[in-house]
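Just below is one structure, and these are the notes that go with it.
The values are calculated or read from the model by the stated rules, or taken from the named source; none is laboratory data. All of these numbers come straight from a predicted model, not from anything done at the bench. Cβ placement follows ideal geometry from the backbone for every residue including glycine, while neighbour counts extend to all protein chains displayed. The accessibility values were calculated without ligands, DNA or RNA, using every heavy atom of the protein model including side chains. Shrake-Rupley method; radii C 1.70, N 1.55, O 1.52, S 1.80 Å.
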Amino acid sequence: MTLTAANLVRRANGRPLVDGVSLTAEPGECLAIVGPNGSGKTTLISMFAGLRLPHAGRVTLNGTPLHRLDRRSVARQIALVEQHAETGERLSVREVVDLGRIPHLGPLSPRGARDEAVVDRALVAVGMADMAGRSWHSLSGGERQRAHIARALAQEPQILILDEPTNHLDIEHQLAILALVTALDATIIVALHDLNHAAMFADRVAVMERGRLVAIGRPADVLTAERISAVFKVQATIEPTETGRGFIRFTAPSRPATWG
Ligand SMILES: Nc1ncnc2c1ncn2[C@@H]1O[C@H](COP(=O)(O)OP(=O)(O)OP(=O)(O)O)[C@@H](O)[C@H]1O
């Protein structure tokens, strides 16, 4: 399953938020999207998932434009974990995860034992089996994020798109979730703020800056000290690692921001 973006443009108030981005997520790869705040990662991801339409260019799934596919068939193939997803307050955790099965159900394929088993497995995978009966509104931010990831897993997508999936998680769960999703037999597109996580887990890294794709390639080739300085405006040194991916050590700013 190949997802391709060709010359994507999305504007707001005449200003381009995503400006001529072309890239292909190769089957089975983990593609991390990094970039400063406001560089267009969420806007790009929402077009990949068919949530927003591009103003120019197009997204294709195995060659078919996404907008020509019905939502149900897109949802059977692409799952999205949004950054600020909300869910009806009265649902239990299990009911939230169960929503992931909806694209697979129909008059000829009613809910069955396999659907229950997939939901069970998704809850176990994110470490929430013992919270399945809890009400959604009682969850912490990180627990909600893990439940949303479980919902996406229950969708059994061939392409899993995640927008900063670790931003509410403690370090144990950050690493566990990234290891979990990158081990899936699926294409993973993940927006990340932590450049070391991108370096550790991604096959390729795409760097966004002011709506444009300014670099894409293997982590060691893309996340260089020069590019980090140019795009993120911070100084860093890259320390070699056994994996060859490199560890990024950041330097504290010499002139920190002041207040007052
Ligand atoms: N509806 C909108 N109207 C006007 N500007 C918008 C709208 N939606 C997003 N933007 C702007 O578009 C730019 C890109 O936003 P986007 O959320 O895609 O960036 P991001 O890289 O995901 O940022 P962050 O790292 O902060 O999550 C930002 O400057 C944002 O303020």
query: What ranking do 61-69, 191-199, 42-50, 166-174 get when scored by the average of other Cβ atoms within 10 Å per residue, highest first?
result: 42-50, 191-199, 166-174, 61-69
query: Which of the peptides 234-243, 70-79 is most tightly packed, and how do the rest follow, going by the mean number of other Cβ atoms within 10 Å of each residue?
result: 70-79, 234-243
- request: Using only Cα positions of the stretch 200-260, each an equal point scatterer, no hydration layer, compute I(q)/I(0) via Debye at q = 0.21 Å⁻¹ and quote the log10 values to two decimals.
  value: -0.87
Relative contact order of the chain, pairs being alpha-carbon contacts under 8 Å that are 6 or more residues apart, as %: 24
task: Mind ranking 91-104, 176-189, 149-162, 1-14 by how tightly packed they are, going by the mean number of other C-beta atoms within 10 angstrom, highest first?
output: 149-162, 91-104, 176-189, 1-14
- request: Report the label-to-label distance for Ala252 and His193 in nanometres (one decimal), using points 7 Å from each Cα along the Cα→Cβ vector.
  value: 2.0
query: For the stretch 191-260, which chymotrypsin sites (Phe, Trp or Tyr not before Pro) are both in a DSSP coil and crowded by at most 14 other Cβ atoms within 10 Å?
result: Trp259
task: Please report the base-10 log of the normalised intensity I(q)/I(0) for the stretch 48-180, using a Debye sum with one equal scatterer per alpha carbon and no solvent, at each q in 0.09, 0.15, 0.22 (1/Å).
output: -0.27, -0.74, -1.34
Magnitude of the charge dipole, the chain, Cβ model with Lys/Arg +1 and Asp/Glu -1, debye to 20: 920
- prompt: Angle, helix 113-125 long axis vs. longest principal axis of the chain, Cα atoms, 0 to 90°, nearest 10?
  reply: 30
statement: If unit charges are put on Cβ atoms (+1 for Lys and Arg, -1 for Asp and Glu) and the dipole of the stretch 163-217 is taken about its Cα centre, the option from Leu195, Ala179, Thr166 lying farthest towards the positive end turns out to be Leu195
- prompt: Assuming a viscosity of 0.692 mPa s and a temperature of 37 °C, what translational diffusion coefficient in µm² per second does Stokes-Einstein assign to the chain, Rh being the Kirkwood radius over Cα pairs?
  reply: 170
field: Added length on full extension, which subtracts the Cα-Cα distance from 0.36 nm per residue, Asp203 to Arg11
entry: 66.2 nm
- request: Sort out for me the Cα centre separation of the stretch 178-241 from the stretch 1-59, rounded to whole Å.
  value: 16
task: With a probe of 1.4 Å, find how much accessible area the stretch 86-177 has per residue, and write the answer as a whole number in Å².
output: 46
